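Working notes, beginning with the structure itself.
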Amino acid sequence: MRTWVRWFVRMAMLGLAAREGSAQVRPDSTKRDSVAAAVPDSAAADSVMRARILARTDSVQKAILADTLKAPMARFEAPTGGEVTERLRFTGNAILATGALNLADLLDRVPGVTTMRSGWIPGLHAASFNGDPGRIRIFLDGIEMDGIEPRNGGALDLTDIQLWTLDEVVIERAPGEVRVWLRTSTVIKTTPYTRVDIFTGDLNTNGFRGLFARRWRNGFLLQLGGQQVATQTGRVSAFGAPAGGTTSQRLRGDGTIQGFMARTGWARGRLSVDAFASSVSRDRDAHTPRPDFDSLPGFKGGRREGYLRFGFGDTTRGFWTQALTGALRTRQEGDSAAAAVSTSPPTDSTAVAAPLDTIRSQTQHLIAVGYRGARWSVSVANRARPINGALRHAPVVRAGATVWKVEVGGYSERNGRDSTDRTDLFARVRPLSWLTLTAGRSSRAPDDTTGRPETSTLRTEAAVRLRTVWIGGGVLRDAARMYANPVLIGAPVATLTSRASQGLLISAHGRLYKDVHLDVQALRWDDAQYSRPKTQLRVELALLSEWRRRFPKGEFSINARLLYDRRGGVPFFYGVANGEAIVRITEPAQVATGLLELRIQRATLFYQYRNLTGGQYEQIRGITMPPAVQMYGVRWEFWN
C-alpha cells in the first residue's frame, strides 16, 4: 500500500513541475522568422515524401503490368483418350525431367516401339513401330515432319528433333501406328523469361542452351533460342590416318549439334498470328564397326523448317480454325560413301537409285477447322503437299464423344504422303472406378500402284486399379504386311514382308507408395521379325517429391529415377547372297540408367548415369554403344 502511495505522490509532483515550467515561457520568446523559416522546410519534406510515394506506386503498377497474362498463340488439336492414364503426355519441364536426350528416349515408353541408336548424343537415332519405321509419324504444331532425304528412306533421324524448344509432347498410340504431337514453347506473361542450360560429362560431352522469351502489352511475342552440343571421346585409330600422314580419326560417331529457334507473333482475344523457324546442323564422324560388319558413314548437314500460322479460337474448347503454311529444307555434305539407295516415295515397291543428298526442299499447307464441347469434339483438316509437280491432298477427320461411362473416337486420313488410307477406331469404358477397358482397331489400305495388301491391327486391354496403381494386360494382333527396310541404319533398300503375329501386353503404372511411382511396360510376340525383337521390357521407378512439409512454398523438389530396358535380339535384313537372305541379329541388350534432379527455386541440378553396369550392348548390328556414360549440369530459369 505504501508503494502505491509513493508512486501517486511522485506522479503528482511531476505534473505540477511541468505546468509551472510551461507558465514561465514568454509568448514573445519564440522568434517570428523562425516560424516563417520552418514552413518552406516542411513543404520541401512533403514534396520529397510525395515523390517517393509516387515512385513506389509507379513501381508497383509496373510490376503488376509486367506480370499481365496475354492471350496464348494458337495450338493445334491434341488427341485425347485411348489410354488408361496420361502417362504418354509430357508438358513443360516434365519433358526434360524424364531424362530424355531426344525423342527416341520418350518413344522407349511405348510398347511395340523399337529404337535404334548408333552412339551417344550426336549419333544416329531412329525408331520403328512393330518393325516398320513408316508407322511412326511426327507432327510439329500440326505440320507433319517428313523425311525427304533419300538416305533416310522416308524415316526421320530423331536427332534432328529439339526437345528443349517444346512445351508439350503427346504420344498417340493407335493400334496401327504411333503419332507424336509436338507443341512448340510459347509464353503468355509480359515479364521477360530467360533459361540457361549448361552440362558436361563423359566422352568429353559439353553443351549449352539459351532461351529468351518476351510478351508485350500489345500482345506481341518474341522468342529466341540456341543450342550447342559437342562430344569427342579421344579414342583414335592409327589405321585412320591418310597415307604418309599423322592425323588419326575418331571411331564412335562423335560430333557436334547446333540448334536455333525463333518465334514471333501477335495474339489478342481469340485471334493470333505467329511464325516459327528451327534449324539443326550436325557434324558426325563415321562409326567404325566390329570386324566383318558394315560401317556407318559420317554425316554433315542440317535440317531447316518453319511455318506461318493464322489461328482463331482455342482447340481445347469451342469453335476453332487454323491455316498453316510450312517449308522444309534439308542438306547433306559428304562423300559418295554416304549416298543411299531409296524408294521414292518410300513405300513404293520399286527401288530406285538416289543420288548423293545435296539440297532437298518441300512445302506443306494445312487448313483445319473444328469444335470441342464438353462431351464431344469433331475436326476436319486437309494437308496438301506439292510432290513431283502435282498437289497431293490428304484430308483428315477426327471425332470423339463421351456418353455416360463410355468414350469413343475415330481418326480417318485418306491418301497420305505414302498413298495409304488410314482408319483408327477406339473405345474406352469405365464401368467401375477401379476398372478400365479399352479396345481399338486400325486398318491400312495402300494404293493399288504400291502393290501392297490391305492390313489391320487390333488391340484390346483391361486394367484394374489396386489403390493407386493400375495393373493391366492385353493382346495386340498384327496382320501380315509389307514395309520398307530401315536404310537409315545402313541396311540396303528393300521391301520386307512380315507374318501375322500376336503379342501379349503387360503393364503397371501409378503411385506405388507416397511419392514413389512405378511404370512397367512389357510386350512379348510370337516370334521376332525384321526390325522387331520378340520381347521388350521397360521398368521405371521414380521418386517425385516437393517435400511440402519442409518447403511449403514449393521452392524445392527432388526427381530421382531408375530405368531398366531389356530387349531380345533384333533381326535386320542386309541383302541377298547366293539366293539366301543375309540376316544379322543384334545381341540381347539390357541397359540401366539412373537420374537425379534437385530443384532449388528456379535452378535445377541434374545428374544422369546411363548404362550403370558398364556392359557392352548394341542396337544396330556391329555398332557397339558407348559404355557407362555420365552427364551432369544445371537448368536455370529467370523471370525478370
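The values are calculated or read from the model by the stated rules, or taken from the named source; none is laboratory data. Only a predicted model underlies this, so the values are computations on that prediction, with no experimental measurement involved. As a convention, Cβ positions derive from the backbone with ideal geometry for all residues, glycine included, and neighbour counts pool all protein chains shown. Ligands, DNA and RNA are stripped out before the accessible areas are found, and what is left, the full protein with its side chains, is counted by its heavy atoms. Shrake-Rupley method; radii C 1.70, N 1.55, O 1.52, S 1.80 Å.
Given a Förster radius of 22 Å and the C-beta distance between ILE506 and SER433 as r, what FRET efficiency does 1/(1 + (r/R0)^6) yield to the nearest 0.05?
With a Förster radius of 22 Å, E is 0.50.
Over segment 93-193, calculate the relative contact order: mean separation of alpha carbon pairs under 8 Å at least 6 apart, over the residue count, as a percent. Kindly include the intermediate steps, with their values, before the conclusion.
Values: 153 pairs, mean separation 25.6, N = 101.
For segment 93-193, the relative contact order is 25 percent.
Which ³J(HN,Hα) values, rounded to whole Hz and listed in residue order, are derived for segment 129-140 from phi using the Karplus coefficients 6.51, -1.76 and 1.60 in 6.51 cos²θ - 1.76 cosθ + 1.60 with θ = phi - 60°, glycine and proline given as x?
My calculation for segment 129-140 gives 10, 6, x, 9, x, x, 8, 10, 10, 10, 10, 10 Hz in order.
Quick one: Karplus J couplings for segment 318-331, per residue in order, coefficients 6.51, -1.76, 1.60, θ = phi - 60°, nearest Hz, x for Gly and Pro?
Using θ = phi - 60°, the values come out as x, 7, 8, 8, 9, 9, 10, 10, x, 9, 9, 9, 10, 9 Hz.
For segment 116-197, state the semi-axes of the equivalent ellipsoid (square roots of 5 times the eigenvalues of the alpha-carbon gyration tensor), sorted largest first and rounded to whole angstrom.
Rounded to whole Å, the semi-axes are 27, 17, 11.
Quick one: plug the Kirkwood hydrodynamic radius of segment 414-524 (C-alpha pairs) into Stokes-Einstein at 37 °C, 0.692 mPa s, and report D in µm²/s.
Stokes-Einstein gives a translational diffusion coefficient of 196 µm²/s.
When the Karplus curve 6.51 cos²θ - 1.76 cosθ + 1.60 is applied with θ = phi - 60°, which whole-Hz ³J(HN,Hα) does each residue of segment 392-404 get, with x for Gly and Pro?
With coefficients 6.51, -1.76 and 1.60, one gets 9, 9, 9, x, 9, 10, 10, 8, x, 8, 10, 10, 6 Hz.
Once you list every other residue whose beta carbon is under 14 Å from the beta carbon of PHE212, what net charge do they have if Lys and Arg are +1 and Asp and Glu are -1?
+4
So if R0 is 51 Å, what FRET efficiency would GLU580 and TRP636 give, r being the distance between their Cβ atoms, rounded to the nearest 0.05?
So, using R0 = 51 Å, E works out to roughly 0.35.
Please give me the summed charge of the neighbours of GLU83: other residues whose Cβ is under 10 Å from its Cβ, Lys and Arg +1, Asp and Glu -1.
It works out to a net charge of +1.
Ignoring ligands, DNA and RNA, how do HIS393, HIS517, HIS287 rank by accessible area with a 1.4 Å probe, largest first?
Reading off the accessible areas and sorting them downward yields HIS393, HIS517, HIS287.
So what's segment 472-567 giving for Rg/Rh, alpha carbon basis, Kirkwood Rh from the mean inverse pair distance? Walk me through the intermediate numbers first.
On the way: Rg = 19.9 Å, Rh = 16.6 Å.
Rounded to two decimals, Rg/Rh equals 1.20.
Give me, ordered by chain and number, the residues 5 or more places off GLY142 or on other chains with an amide H under 5 Å from its own placed amide H.
Distant-sequence amide H within range of GLY142: LEU182.
When averaged across all projection directions, what area in nm² does the alpha-carbon convex hull of segment 543-586 cover?
Computing the convex hull of the Cα atoms and averaging its projections yields 5.0 nm².
With a Förster radius of 35 Å, plug the Cβ-Cβ distance of THR91 and ALA628 into 1/(1 + (r/R0)^6) and report the FRET value to the nearest 0.05. Let's see the in-between values first.
Working: r = 31 Å, r/R0 = 0.89.
My answer for the efficiency is 0.65.
Evaluate the Kirkwood expression for the hydrodynamic radius of segment 520-624, namely the inverse of the mean inverse distance over all pairs of different C-alpha atoms, and round to one decimal in Å.
16.7 Å
Of LYS514/LYS553; LYS300/LYS534; LYS70/LYS553, which sit over 28 Å apart, Cα to Cα?
Violating the 28 Å Cα-Cα cut-off are LYS300/LYS534.
Can you tell me the order of 368-375, 102-109, 256-263 when each peptide is scored by its average per-residue count of other Cβ atoms within 10 angstrom, highest first?
102-109, 256-263, 368-375
For LYS189, which sequence-distant residues (separation of 5 or more, or a different chain) have an amide H within less than 5 Å of its own amide H, given hydrogens modelled in the peptide plane?
LYS70
In straight Cα distance, which aspartates and glutamates are under 12 Å from LYS189, not counting same-chain residues fewer than 8 positions off?
Output for LYS189: ASP67.
Taking amide H atoms as placed 1.01 Å from N in the peptide plane, list the residues 5 or more away in sequence, or in a different chain, whose amide H sits under 5 Å from that of ASP254.
For ASP254, whose amide H was placed from the backbone, the distant partners under 5 Å are ASP285.
Could you tell me the center-to-center distance, by alpha carbons, between segment 506-540 and segment 444-468 in angstrom?
Value for the Cα centre distance between the two parts: 19 Å.
Tell me, Kirkwood radius of segment 582-638 from alpha-carbon pair distances, in Å?
After inverting the mean inverse Cα-Cα distance, the result is 13.5 Å.
Between ARG499 and ARG467, what is the label-to-label distance in nm when each label sits 7 Å out along the Cα-to-Cβ direction?
Result for the modelled spin labels: 4.4 nm.
Modelled label-to-label distance, VAL397 and VAL475, 7 Å Cα→beta-carbon offset: nm?
3.1 nm
Which residues does the label zone of ILE387 cover in segment 138-174, counting backbone N under 14 Å from a point 7 Å along Cα→Cβ?
Residues 144-150, 153-155 fall inside that zone.
Need the C-alpha centroid separation for segment 99-132 versus segment 395-430, integer Å.
26 Å
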